[in-house]
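Undergrad: Could you have a look at this structure, given as structure tokens, before my questions?
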Amino acid sequence: MTTSRATATGRTGVTTTLLTAAMAFSMLPLFLLGALAPALVAEFGIARPLLGVLVTAGFGVAAVLSLVIGPVVDAVGARRSATALFAVSTVALALFALAPHYAVLVFTVALGGIPQALANPSTNKIIGRSVPQPKRGLVIGVKQSGVQLGAFAAGLPLAGLAEWVDWRLAVGVAAGLAALATVASALLPADPEPASRPALRVTLSAEPAIWWLLGFSVLLGAGISSVNTYSALYATEELELAAQPAAALVAALGVTGIIGRIGWSRLVSPDRPPAAILGPLSIGATVAAGALLAAQFLGWGLAWAGVLGIGAFAVAANAVSMLAVMGLSTPHQTGRNSALVSAGFFGGFTIGPPLFGVAAEFGGYPLGWVLVAVEFTAAGFVVWLWRRRDR
């Protein structure tokens, strides 16, 4: 009995590790764009709004695919989808490292939208099928923290390697690690036999609560993506930090995001549903955006406070929203509902950085950070309307 329990625990640990890696690689190109922003702007000779266009290319593809990818994952199988996630990430990162021109960089980042769309539907479906209910909150929190593990990797070791040797080598190392993860994905729980999988049927119908979560995720994604993309560039251009300390801001976002996602996810309980947590998280994120705004006038220390707050509150909110999706979904709905809410999140990532870039270009960074604060405030308002309607 003890041996079988230990074996099951070991399998859950391997599954959690690989799902965490899947989330990290699915978003790694975004964090590399932010951490390497000073080098990319200099090498390709692009203006700040064009940096935002890169993010739009990736998340535009992810948002569109997410509208239809859930049923595809249900039909093809979650493990096969996760393997595809790792494989496409490998190709996208390799092309990123070799990109000779800005236009090629746009294409490679757009290709990275495919793993982003696959991430939540495939990983959530594996959890729903193979992880016991009492452990799901912790596993989802750890799994979602993989996104911020990617932020930490981009902002510290990979950015450090870029500063020490070359940014292309740093991205190439990431591609090699993604290739190893592709092979290791064979250790994930096997997909059901073809006869037991549902037929491919694409539909956008969903319960009202899923649409409220989608709207919340649009606004949340717009704010988070702006911080991811522009915080390092803001630190070098306005706060007079060197490239490495500026990239460390992205790493700090990753660290607090990991802690926040695990911590807040574990607070979810029958007496404290996810919706009750999302409102306070939105308020905390708004205050953190205010700290980033104040840093330009009161010193770079507030930029650190702001980034840490964004990780602890805004980034954590995405994990809590995924817990809400799983609580609202039957096993057959998990892939579809996860994909729809992810489409909203990626849609926010699509519109956030270009809007911030335009705001910063014409009104300075303070206007950009005001825009981020407004987005987080609006996300909290959506949660308030949702809870008021349910009551």
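Undergrad: Sort 348-359, 65-76 by packing, meaning the average of other beta carbons within 10 Å per residue, with the highest value first. Write out the running numbers ahead of the final one.
TA: Details: 348-359: 24.7, 65-76: 22.2.
Descending mean neighbour count gives 348-359, 65-76.
Undergrad: Nearest 10 degrees, 0 to 90: what angle lies between the long axis of helix 167-184 and the longest principal axis of the chain (Cα atoms)?
TA: That works out to roughly 0 degrees.
Undergrad: What are the principal axis extents of the Cα atoms in segment 1-153, in Å, biggest first?
TA: That gives 63, 31, 23 Å along the principal axes, largest extent first.
Undergrad: When the gyration tensor of segment 76-183 is built from Cα positions, what are the square roots of 5 times its three eigenvalues, in whole Å, from largest to smallest?
TA: They are 28, 17, 11 Å, listed from largest to smallest.
Undergrad: So what's the angle, to the nearest 10 degrees on a 0 to 90 scale, between helix 133-153 and the longest Cα principal axis of the chain?
TA: 30 degrees
Undergrad: Specify the angular offset, from 0 to 90 degrees and rounded to the nearest 10, of the alpha carbon long axis of helix 274-298 from the longest principal axis of the alpha carbons in the chain.
TA: Roughly 10 degrees between the two axes.
Undergrad: Provide the solvent-accessible area of TRP300, counting protein heavy atoms only and rolling a 1.4 Å probe, rounded to the nearest 10 Å².
TA: Roll a 1.4 Å probe over it and TRP300 shows about 140 Å².
Undergrad: If you take the square roots of the eigenvalues of the alpha-carbon gyration tensor of segment 161-315 and sort them as a ≥ b ≥ c, do you get rounded (a/c under 1.5), prolate (a/b over b/c) or oblate? Display every interim value, and only then the final one.
TA: Values: a/c = 2.38, a/b = 1.28, b/c = 1.86.
It comes out oblate by the Cα gyration axes.
Undergrad: Turning to a different aspect of this structure: Quick one: which of 207-219, 123-135 comes out on top by average Cβ neighbours within 10 Å, and what's the full order, highest first?
TA: 207-219, 123-135
Undergrad: Starting at 0 and stepping by 5 Å, how many percent of the alpha carbon pairs of segment 58-112 end up in each bin?
TA: 4, 19, 22, 23, 17, 9, 5, 1
Undergrad: Which three semi-axes in whole Å describe the equivalent ellipsoid of segment 305-378, each the square root of 5 times a Cα gyration tensor eigenvalue, listed largest first?
TA: Taking √(5λ) for each eigenvalue gives 30, 15, 8 Å, largest first.
Undergrad: May I pose another question? Among PRO192, ALA78, GLY215, pick out the residue whose Cα is farthest towards the positive end of the charge dipole of the chain, where Lys and Arg carry +1 and Asp and Glu carry -1 on C-beta, about the Cα centre.
TA: The residue sitting farthest along the positive end of the dipole is PRO192.
Undergrad: Separate question: Can you sort SER321, SER269 by solvent-accessible area, 1.4 Å probe, largest first?
TA: Working: SER321 0, SER269 40 Å².
From most accessible down to least: SER269, SER321.
Undergrad: Output wanted: per-residue J couplings in Hz (rounded whole) for segment 340-350, from phi through Karplus 6.51 cos²θ - 1.76 cosθ + 1.60, θ = phi - 60°, x for Gly and Pro.
TA: Each residue's phi maps through the Karplus curve to give 5, 5, 5, 4, x, 4, 5, x, x, 5, 6 Hz.
Undergrad: Magnitude of the Cβ-charge dipole of the chain, K/R +1 and D/E -1, about the Cα centre, nearest 20 debye?
TA: Using Cβ point charges on Lys, Arg, Asp and Glu, the chain gives about 1500 debye.
Undergrad: While we're here: If contacts are Cα pairs under 8 angstrom and at least 6 residues apart, what is the relative contact order of the chain in percent?
TA: Values: 748 pairs, mean separation 110.1, N = 391.
The value is 28 percent.
Undergrad: Right, something else. Calculate the translational D of the chain in whole µm² s⁻¹ from Stokes-Einstein, where the hydrodynamic radius comes from the Kirkwood formula applied to all Cα pairs, the temperature is 37 °C and the viscosity 0.692 mPa s.
TA: Diffusion coefficient, whole number: 160 µm²/s.
Undergrad: State the Cα centre-to-centre distance between segment 362-381 and segment 94-158 in whole Å.
TA: Rounded to whole Å, the Cα centres lie 26 Å apart.
Undergrad: Before anything else, pin down the relative contact order of segment 209-347: Cα pairs under 8 Å, at least 6 apart, normalised by residue count, whole percent.
TA: The value is 39 percent.
Undergrad: Can you give the calculated 222 nm mean residue ellipticity of the chain, where each DSSP H run of n ≥ 4 adds -39,500 (n - 2.57) and the sum is split over every residue, rounded to the nearest 500 deg cm²/dmol? Mind showing how you got there, number by number?
TA: Working: 15 runs with 324 residues, N = 391.
Calculated at 222 nm, the ellipticity per residue is -29000 deg cm²/dmol.
Undergrad: Based on the mean of other beta carbon atoms within 10 Å per residue, what is the order of 98-104, 17-23, most packed first?
TA: The most tightly packed comes first, giving 17-23, 98-104.
Undergrad: Only Lys, Arg, Asp and Glu count, each charged at its Cβ (+1, +1, -1, -1), so figure out the dipole size of segment 300-391 about its Cα centre, rounded to 20 debye.
TA: 420 debye
The values are calculated or read from the model by the stated rules, or taken from the named source; none is laboratory data. Since we're looking at a predicted model, the values are computed, not measured. Cβ atoms come from the backbone with ideal geometry, glycine included; neighbour counts cover every protein chain shown. With ligands, DNA and RNA removed, areas are computed over all heavy atoms of the protein, side chains included. Shrake-Rupley method; radii C 1.70, N 1.55, O 1.52, S 1.80 Å.
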